[in-house]
Amino acid sequence: MPELPEVEVSRMGISPHVTGQTVTDIVVRNPKLRWPIPEEIDQIKGQVIRRVSRRAKYLMLETDAGYAIVHLGMSGSLRILPADTPPEKHDHVDLCLSSGEMLRYNDPRRFGAWLWQSGEGEHPVLGKLGPEPLGDGFTVDYLQGRAKGRRTAIKQFIMDNQVVVGVGNIYANESLFAAGIHPKREAGKVSYQRLALLVDEIKTVLAFAIEQGGTTLKDFKNADGKPGYFAQELQVYGKAGQPCPRCDTALSEAKIGQRTTVFCSHCQR
Ligand SMILES: [Zn+2]
């Protein structure tokens, strides 16, 4: 599943190819994604894409008439291809550009989305979202304010999009390990100092993943590849039973909120 770093790397990958381009056509082969693609998306035709921005895991293709919102869901990916490239299975949307290239959306499981917001208003899917983890609004003071009195497990708490966006399962596991915090500890009972460490580690693991993705993905014109997915150096995620990288104790596995959680019972308190 594309996590925030993959989405950010997708944004960086497509941005140079689509920014400043006029949309000459949009071809929707299958509108049945997570939500039906609205017919108003046709309003993007003839518009210049001014900027590609990101909020949580949503990408926004911004124009003077409004913006298209793209979500990669479980299995979506974006590629830049010559406009005459024949579609293959699961290629559901093409955004044709004045450059002669197109932005092609592929999504086998169809949990992704293409939406449209006219004007500058906020689309409902973007409402109620917590701050960006890499933004200035995500601070220890903010997190402590939200954690106060909360009995939720800290892992579930940081994965809540209303608390902070984009901390998916991989990054929750990794940042809690790096901060030495037990994933089941009640959010309201983690000290200020340890929350400060957690905020730092969340920023560090996400920034590092984006950097890794950015360096392995020099070009989004990869005809056979799956842009937006990249191998990462992980400490604990997917490594239950293997020795802890710090103390050699076998890493434990548990389910927290139905999500697989890997941690070191010795290093994480
Ligand atoms: Zn350990």
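The values are calculated or read from the model by the stated rules, or taken from the named source; none is laboratory data. No experiment lies behind these values; they were computed from the predicted model shown. Reconstructed Cβ throughout: ideal geometry from the backbone, glycine too, with neighbour counts over all protein chains shown. These accessible areas exclude ligands, DNA and RNA; they are computed on the full protein's heavy atoms, side chains included. Shrake-Rupley method; radii C 1.70, N 1.55, O 1.52, S 1.80 Å.
Here the calculated FRET efficiency for residue 19 and residue 74, from their Cβ-Cβ distance with R0 = 25 Å, stands at 0.40, rounded to the nearest 0.05. Highest mobility in the GNM of the chain, judged by mean-square fluctuation with C-alpha springs under 10 Å and restricted to 169, 161, 30, is found for 30.
Against the chain, whose longest principal axis is taken from its Cα atoms, helix 169-179 shows a tilt of about 40°.
With a cut-off of 17 Å on the backbone N, the residues of region 106-122 near the modelled label site 7 Å out from residue 27 along Cα-Cβ are 106-107.
What separates the Cα centres of region 161-184 and region 40-67 is a distance of 31 Å. Summarise the long-distance tail of P(r) for region 54-179 by giving the % of C-alpha pairs beyond 24 Å. The answer is 43 percent, as a whole percent. Here residue 254 and residue 45 are evaluated by their C-beta separation; at R0 = 51 Å the FRET efficiency comes out at 0.50.
Put simply, the C-alpha atoms of the chain give a gyration tensor, and the ellipsoid matching it has half-axes of 37, 20, 15 Å, longest first. A probe of 1.4 angstrom, applied to the heavy atoms of all protein chains, finds residue 204 with accessible area near 80 square angstrom.
For the residues 84, 141, 94, a GNM of the chain with alpha-carbon springs under 10 Å puts the largest fluctuation on 84.
When all alpha carbon pairs of region 1-87 are counted in 5 Å bins from zero, the resulting P(r) reads 3, 13, 23, 25, 26, 10, 1 %. For region 140-263, lysine pairs separated by 8 or more sequence positions, or belonging to different chains, with Cα-Cα distances below 27 Å total 21. Rolled with a 1.4 Å probe across the full set of protein chains, the surface gives residue 139 an accessible area near 50 Å². Subtracting the Cα-Cα distance of residue 128 and residue 83 from their residue separation scaled by 0.36 nm leaves 12.5 nm. The angle separating the long axis of helix 4-18 from the principal Cα axis of greatest extent in the chain is about 20 degrees.
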